[in-house]
1. Please state which of the following conditions GLU21 fails to meet, knowing it meets all the rest: (1) loosely packed, with under 15 Cβ neighbours inside 10 Å; (2) within 21 Å of GLU70 (Cα to Cα); (3) within 16 Å of the ligand (Cβ to nearest atom).
2. Quick one: what pairs do we get from the stretch 52-78, first residue charged (D, E, K, R), second within 14 Å of the ligand (Cβ to nearest atom) and not in a helix (DSSP H, G or I), C-beta under 8 Å, 6+ apart or different chains?
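Each reported figure results from applying straightforward, stated rules to the coordinates on display, with no laboratory input. Because the structure is a prediction, the values reported are computed rather than measured. As a convention, Cβ positions derive from the backbone with ideal geometry for all residues, glycine included, and neighbour counts pool all protein chains shown.
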Amino acid sequence: MALRFHPRLATGDAIMAANAEFALQAAQYHLQFQCSECAYFRSTDRQCMVGWPNDDLMRSPVVALNAVGEPVFCKAFEADAG
Ligand code: SF4
């Protein structure tokens, strides 16, 4: 059986609280991390050009943790300079 790393950082209401705080801070500090701000984002179909799943990184309001408390980020993010 293959093992998979599941870094669940929060559960239940703590997920919503963490996401609410993150959304405030992301707006306050103008953080760029979502697909729509990435050079690999294809606006015609709103997909990732290199094929990464991007549903969590397309949400509005933004989230730091997904529904099960795992962090949401993309290591392949490249700020879109254009
Ligand atoms: S590389 Fe990551 S941040 Fe960029 S579009 Fe793809 S999934 Fe989104």
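1. Evaluating GLU21 over (1) loosely packed, with under 15 Cβ neighbours inside 10 Å; (2) within 21 Å of GLU70 (Cα to Cα); (3) within 16 Å of the ligand (Cβ to nearest atom) leaves (3) as the failure.
2. Within 8 Å, the pairs are ASP56/VAL63; ASP56/ASN66; ASP56/VAL72; GLU78/CYS38; GLU78/ALA39; GLU78/TYR40.
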